[in-house]
Amino acid sequence: MIPAAFDYELAGNIDEAISLLGQSGEAKLIAGGHSLLPLMRLRFAQPDLLVDIGRIDDLSYVRDAGDSIAVGAMTRHADVAADPLLGADCGILAETAAQIGDPQVRHRGTLGGSIAHADPASDLPTVLLALDAEFDVRGPAGDRTIAAGDFFTGFLESALEPTDVLTEVRVPKLDGPATYAKYNRRAQDWATVAVAAVQRNGGTALALTNMAATPVRALGVEQALADGADAATAAARVGEGTNPPSDTNGSAEYRAHLATVLTRRALEQLSA
Amino acid sequence: MKRIGLSVNGSPHELEVEPRELLVYVLRERLGMTGTHVGCDTSSCGACTVLVDGESVKSCTMLGVQAEGRSITTIEGLASNGELHPVQQAFHEQHGLQCGFCTPGFVLATVSLLEENSSPTEDQIREGLEGNLCRCTGYHNIVRAVQAAAGKELPA
């Protein structure tokens, strides 16, 4: 399968990428290309211009930023998975990156690309939502920061404007346990359902993969835990505020059941 | 059209490509190296796996223009002076193939895996090759071949 024809420009830096994006209303950024190229091969996406930010090496880093860890948007999944600082202080992000796709995908796919694609079946957006991560974005008007909770606005839709570039992701250093419980039927499949659970600031934050059009926080479960409920009782509230899809991997009803089981297991693991 | 320069199996190539040409088609149709196979075309099967700067990549999910300046290794580039690469030799000796269609991808994924972890456990081998599918389901001998290539004692 061959993508529809498009023009291609290589951006030397972020500002050049923003300017190139402004040249066409149908332009798209390409980083690792592991979300975009599959869509383009199927012609679900037909941009007329690809702006390649794959050579902007100074967007690939993991840095200690005090209470948080800053990760450049072009950092590949393989590098997130293997990073010692993330491994020590935000292990859930490294462990989740190691579960994405397969080694070949992790050698190309990037953290920023996965976030910007905003697929509710993706793993990293859910984990970043549970972590209350912050995203730095640069557009024609300058830099701004968007909270993960404000970023995912719809199915494959985000708060990014067409001429914005996601530049950096910041996650907190954790001093409590965190886990990502993912269920898929076969190696390299997307999650049928997954649950991220993070103990932090005296509370527990949870977010869900593939339970709505966006990654969503499990606010009912969080409230139940704050009120002192045990894992099973709290997990029973995981369906609140969700709208799980039905597809070949499972019905909405099955997903709701799976979310309850995975949430209970994740909570039990946090307190183990 | 865009002019790109890339190294394939150590030889420099310069050519004009359409931006939409996937790397696998640049290799197969422009450079005539048909050892890299197209299996699924959906980033799933891994038959098109090549090494880009030494790391395994699915060449159906990379544009030729993205390979500008990169060093590509395909199955044609592994043997040297008539001697099979140790991973090829291990696949041969352990019969790590049946129909052989998936083999180039498996061999290159194995080279990349062993570069990152020279002594993988059986579980690490199976997880490390999860991006490659064998429709003959010959996984047992493929895993033995990787163990042999890593210098491991083989289970009976």
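The values are calculated or read from the model by the stated rules, or taken from the named source; none is laboratory data. This is a predicted model, so every value here is computed, not measured. No Cβ is skipped: glycine too gets one built from the backbone with ideal geometry, and neighbour counts run over all protein chains shown. Ligands, DNA and RNA are stripped out before the accessible areas are found, and what is left, the full protein with its side chains, is counted by its heavy atoms. Shrake-Rupley method; radii C 1.70, N 1.55, O 1.52, S 1.80 Å.
Structure values in brief
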{"read-out": "Accessible area buried between chains B and A, both sides summed, probe 1.4 Å, in Å² to nearest 100", "value": "2600 Å²"}
{"read-out": "Anisotropy class of the range A:129-272 from Cα gyration tensor, a/c 1.5 cut", "value": "oblate"}
{"read-out": "³J(HN,Hα), Karplus 6.51/-1.76/1.60, whole Hz, each residue of the range A:256-268, x for Gly, Pro", "value": "4, 5, 4, 4, 5, 5, 5, 5, 4, 4, 5, 5, 5"}
{"read-out": "Computed [θ] at 222 nm, deg cm²/dmol, chain A (DSSP H ≥ 4; -39,500 (n - 2.57); rounded to nearest 500)", "value": "-8500 deg cm²/dmol"}
{"read-out": "Reachable lysines from B:Lys2, criterion Cα separation under 23 angstrom, eight or more residues apart if same chain", "value": "A:Lys28, B:Lys58"}
{"read-out": "Residues with amide H under 5 Å from that of B:Val8, placed H, sequence gap 5 or more", "value": "B:His13, B:Ile72"}
{"read-out": "Per residue Cα convex hull volume in Å³ - calculated over chain B", "value": "103 Å³"}
{"read-out": "Integer Hz, Karplus 6.51/-1.76/1.60 couplings in order for the range B:65-80, x for Gly and Pro", "value": "5, 6, 8, 3, x, 8, 10, 9, 10, 10, 4, 5, x, 7, 5, 9"}
{"read-out": "Binned Cα-Cα distances of the range B:2-77, short to long, each 10 Å bin given as a whole percent", "value": "22, 62, 17"}
{"read-out": "Percent RCO, i.e. relative contact order, over the range A:218-272, from Cα pairs under 8 Å lying at least 6 residues apart", "value": "34 percent"}
{"read-out": "GluC sites (Glu not before Pro) within the range A:2-37, DSSP loop, no more than 12 other Cβ atoms inside 10 Å", "value": "A:Glu26"}
{"read-out": "Length-normalised contact order for chain A - Cα pairs under 8 Å, 6+ apart - percent", "value": "15 percent"}
{"read-out": "Fluctuation leader among A:Pro244, A:Pro215, A:Pro103 - chain A, Gaussian network, Cα springs under 10 angstrom", "value": "A:Pro103"}
{"read-out": "Bins of 20 Å from zero: percent of alpha-carbon pairs in the protein assembly as shown", "value": "26, 55, 19, 0"}
{"read-out": "The range A:98-171: relative contact order as a whole-number percent, Cα under 8 Å and 6+ apart", "value": "32 percent"}
{"read-out": "With at most 15 other Cβ atoms within 10 Å, longest stretch of chain A clear of loop chymotrypsin sites (Phe, Trp or Tyr not before Pro) (DSSP)", "value": "A:156-272"}
{"read-out": "Per-residue average of Cβ from other chains inside 10 Å of A:31-38", "value": "4"}
